[in-house]
Structure formats: C-alpha cells, structure tokens
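Below: the structure, in structure tokens.
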Amino acid sequence: GCVAWINHWMDTHDPRNAGMRDSNGQRLPVALPLIMFKRQEAFVRFFFACMDAEADGLVEKSRDMGATWIALAVAVWMWVFWEGVTFGFGSASAVKLDRSGDPGSIFYKLRDVCRNLPTVFRPKGLIPKSHLLDKRAFNIDNGSSIVGEVGDEVGRGSRTRVYVVDEAAHFEHPEAVTAALADTTRVRIDISSVSGLGTVFHRMRQGGLVWEPGQQVDKRRTNVFIMDWRHHPAKTQEWYDDRLAKAIGAGLEHIHAQEVDRDYSAA
C-alpha cells in the first residue's frame with residue numbers, strides 16, 4: 001500500500017529543471033510526481049522489513065539516488081495512516097535538516113509535501129502554521145508526528161517507531177550518536193554516501209549483511225541496502241563516462257570515486 005500510495009499521490013521537486021527545456025522545446029517542470037524506479041521501491045520494502053523485524057538498516061548509496069526523498073515519503077505515509085506513530089530524522093547539520101526557504105532541507109520538503117496532499121489524505125483540522133513547524137510535523141487527527149534533531153545527541157530522551165540518520169557517515173562524533181540512539185528506537189536506518197575508511201559507518205557496513213528483496217533481515221546484524229548509480233534508470237554508462245572524464249580533467253577523480261563509485265578508500 002505504501003509503494004502504490006507514494007507513486008500515485010506524492011510529489012517531489014527538482015530545482016535543476018528551472019528554466020530548462022526538453023528536446024521539443026517544452027519547459028521542464030520543477031514540480032514532479034514522485035514515481036519511484038525499481039530500486040527505490042525495493043528501498044521502501046527494506047524499510048518495512050526492518051520495522052517488522054525491529055532490526056537496524058544501513059543504506060550505502062551513490063549520490064543523487066533519492067534515498068532521503070523515499071525515507072521522507074515513507075514517513076509521510078505513516079504520519080497519514082498510522083495512529084500515534086513518531087518518526088524521527090537526525091542530521092549532522094541544522095541547515096540540512098530544516099532551514100526556512102531552503103528546498104534542500106528535509107523539513108522544508110516535508111512541509112511542502114504535507115501542504116499539497118490531496119484533501120482526502122490531509123489530516124482533519126490541519127493548520128500548516130500550527131502543525132507543520134520547525135523540525136516538527138503533528139497530525140492533529142491521529143496523534144502521529146515526525147520530528148527532527150541535529151548533532152551528536154539526536155534522539156536522546158525521545159522514543160520513536162523508526163529513526164533515520166541522514167548522511168550518517170558525515171557526523172563529527174558518530175559514537176555519540178550511537179549512544180544517544182541506543183534506547184530511542186528499535187529500528188535505526190542510516191542513510192549515507194561514503195566518507196573514509198575506519199569510520200563507524202564503514203565498520204557497520206563491513207560487518208553488515210547485504211539485503212535484497214525476498215530475503216529476511218537479521219535482527220542481530222546491520223542489514224545493508226545498496227543504491228548504486230547503475231540502479232538509476234537515467235544514469236547510463238555514457239553518463240558515467242562523461243562524469244568520470246570531467247572529474248579526471250579537473251584533477252578530482254578521487255571525488256568521483258567516493259561520490260559515484262562508493263569507494264571508501266578514495267576519501
């Protein structure tokens with residue numbers, strides 16, 4: 001139900017399309033329906049497999065795979081349809097979590113999605129200025145909420161059904177984050193591009209169990225979901241070769257290896 005609902009009713013936006021035209025001269029839209037490609041749908045199923053088993057998950061991704069958008073979409077679906085649920089987002093940066101007027105921040109996206117929900121799905125009595133707040137979204141109709149926190153103490157003192165740590169590999173003190181989340185939730189999902197050898201994220205990835213659709217998750221280990229650039233239908237070999245050539249020309253092949261190839265040693 002969650003997959004179908006996202007594909008039918010969720011919207012996204014891509015500011016990179018502003019002012020651009022397609023091959024027929026038509027302007028490209030900035031607001032777009034969020035129709036997931038196959039790997040994104042598998043990510044939704046990974047999410048629920050971890051929740052059903054009360055197990056932790058880790059998403060190792062190339063850049064620009066839409067993982068945070070999909071996590072946000074799952075959060076909104078739960079916020080709309082589940083009673084009394086709390087969904088948590090943690091970020092190393094307040095700017096990335098919530099900044100007024102910044103469409104790149106998580107809660108700006110969330111407020112935009114919630115305001116534009118079809119009337120039939122919008123919570124009864126929802127007043128955006130009162131219920132869609134800074135780092136908080138409250139469903140007055142069923143008591144559910146989505147909350148966000150910043151820094152090393154994310155989650156400490158609160159309780160959530162699931163907690164997403166966005167760009168988890170880039171926290172300054174990841175051990176402190178792990179300690180803070182220890183009793184906050186039974187389901188922690190780390191989402192990140194890679195950032196160096198020997199980090200907590202890298203060690204969790206190396207010790208984890210790679211999950212594919214149809215498999216059972218392991219409650220005793222970190223379950224790993226990979227989102228590689230090859231999973232993206234718009235990223236062809238030609239796209240990869242062009243991007244690599246540009247990186248080599250700029251003397252930044254190591255950045256390409258880190259951000260696209262998910263190479264920990266490149267960082």
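Only the coordinates and a few stated rules stand behind these numbers; no lab work does. Small disclaimer: the values here were computed from a predicted structure and weren't measured. Note: ideal-geometry Cβ built from the backbone for every residue, glycine included; neighbour counts use all protein chains shown.
What to note about this one:
- Counting lysine pairs in the chain that sit 8 or more residues apart in sequence, or on different chains, and whose Cα atoms lie under 17 Å apart gives 8.
- Rounded to 5, percent antiparallel among DSSP beta bridges of region 65-224: 25 percent
- Under the criterion of Cα pairs below 8 Å and six or more residues apart, the relative contact order for region 1-54 equals 37 percent.
- A full extension of the chain between Ala4 and Ala94 corresponds to an added length of 29.2 nm, given 0.36 nm per residue minus the alpha carbon distance.
- Each 5 Å bin from 0 upward holds the following percent of the Cα-Cα pairs of region 107-216: 2, 10, 17, 18, 15, 14, 12, 7, 3, 1.
- With kT/(6 pi eta Rh) evaluated at 4 °C and eta = 1.567 mPa s, and Rh the Kirkwood radius from Cα pairs, region 1-136 diffuses with a coefficient of 79 µm²/s according to Stokes-Einstein.
- If the Kirkwood radius is taken over C-alpha pairs of region 210-267, then at 20 °C and 1.002 mPa s the Stokes-Einstein diffusion coefficient equals 160 µm²/s.
- Relative contact order, percent, the chain [alpha-carbon distance under 8 Å, six or more residues apart]: 23 percent
- Positive minus negative residues near Glu212 (Lys, Arg vs Asp, Glu; Cβ under 11 Å): +2
- Within the chain, percent of DSSP bridges classed antiparallel, to nearest 5: 25 percent
- Ordering of 2-15, 22-35 by packing [mean C-beta count within 10 Å, highest first]: 2-15, 22-35
- Qualifying trypsin sites (Lys or Arg not before Pro) in region 67-148, DSSP loop, other Cβ atoms within 10 Å at most 16: Arg99, Lys124
- Taking 0.36 nm per residue of separation and subtracting the current Cα-Cα distance, fully stretching the chain between Ala250 and Arg16 would add 82.0 nm.
- Rg and Dmax of the chain, Cα atoms only, in Å: 18.6, 56
- Note on region 153-267: Rg/Rh from C-alpha atoms, Kirkwood Rh, equals 1.03.
- Calculated on the Cα set of region 74-171, radius of gyration then Dmax: 13.0, 39 Å.
- Build a GNM of the chain with springs between Cα atoms under 10 Å apart, and of Phe37, Phe47, Phe87 the one that fluctuates most is Phe37.
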